[in-house]
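Enquirer: Following this message is one structure expressed as structure tokens.
What follows draws every value from the coordinates through simple rules; no lab data is involved. Quantities reported herein were computed from a predicted structural model and do not represent experimental measurements. Note that each Cβ is placed from the backbone with ideal geometry, even for glycine, and that neighbours are counted across all protein chains shown.
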Amino acid sequence: MNNQVYLSVGSNLGDRQDNLSQAVHLLNQNKQVTVEKVSPVYQTQPVGGVPQDNFLNLAIHLTTTLTAYKLLDYLHEIEQMLRRKRLIHWGPRTIDLDILYFNHETYHDETLVIPHPEIGNRRFVLIPLLDVLTDPELIAQTKQALKTTTDKNWVEILH
């Protein structure tokens, strides 16, 4: 079965553009993953109050035969390959790959929470997500969330 998945990807350490490109490339290397669409790259203001450089963010629509848990494992492998260090919560990172939606399924345990709980609080997630969504229900939800979010941080398209 081909699962419909939406990811948020961000980087604010090192060569941010290259980090994003490598993440997309590594996703494509997995024979059980097909990258369907990648949003433009956006430069975004960091959230969470930790002083740090601006992020580059994008969203990805992919299909996969992997389960949500196996996909999460693979995303963590990619983060390791790209030298992600988990030192400060909401701190700087070479790469961050988050599953936003996995079909219309809900997961809520110590390993995985889907839909991602911060989607509606993050303009840097919502704006690129609109570029790759194909599901009419999710498009409507995302547009509504963008209207009602309390996040006022800037998000500007790079290319």
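Enquirer: Once you sort the root eigenvalues of the Cα gyration tensor of region 1-49 as a ≥ b ≥ c, which label holds: rounded (a/c under 1.5), prolate (a/b larger than b/c) or oblate (the other case)?
Expert: Prolate shape, in that a/c is at least 1.5 and a/b is the bigger ratio.
Enquirer: So, with +1 on the Cβ of K and R and -1 on the Cβ of D and E, and no other charges, what is the size of the charge dipole of region 1-105 about its Cα centre, to the nearest 20 debye?
Expert: For this selection, approximately 140 debye.
Enquirer: Starting from the 7 Å offset along Cα-to-Cβ, what nm value, one decimal, do you get for the label separation of Gln52 and Gln17?
Expert: Modelled inter-label distance: 2.2 nm.
Enquirer: Summing +1 for each Lys or Arg and -1 for each Asp or Glu, what net charge is found among the other residues whose Cβ lies under 11 Å from the Cβ of Gly120?
Expert: Charge balance in the 11 Å sphere: +1.
Enquirer: Quote the Stokes-Einstein diffusion coefficient, in whole µm² s⁻¹, for the chain, based on the Kirkwood radius over alpha carbon pairs, a temperature of 37 °C and a viscosity of 0.692 mPa s.
Expert: The Stokes-Einstein estimate is 209 µm²/s.
Enquirer: How many angstrom lie between the Cα centre of region 94-150 and the Cα centre of region 32-66?
Expert: Each part's Cα centre sits 11 Å from the other's.
Enquirer: Of the lysine pairs in the chain, how many meet both conditions: Cα atoms under 28 Å apart, and a spacing of 8 or more in sequence or different chains?
Expert: Number of lysine pairs found: 10.
Enquirer: What order do you get for His116, His61, His104 when you list them from fewest to most C-beta neighbours inside 10 Å?
Expert: His104, His116, His61
Enquirer: With contacts defined as alpha carbon pairs under 8 Å and 6 or more residues apart, what's the relative contact order of the chain in percent?
Expert: Relative contact order comes out at 32 percent.
Enquirer: Also: With springs only between Cα atoms under 10 Å, which of Gly49, Gly14, Gly120 fluctuates most in a Gaussian network model of the chain?
Expert: Gly49
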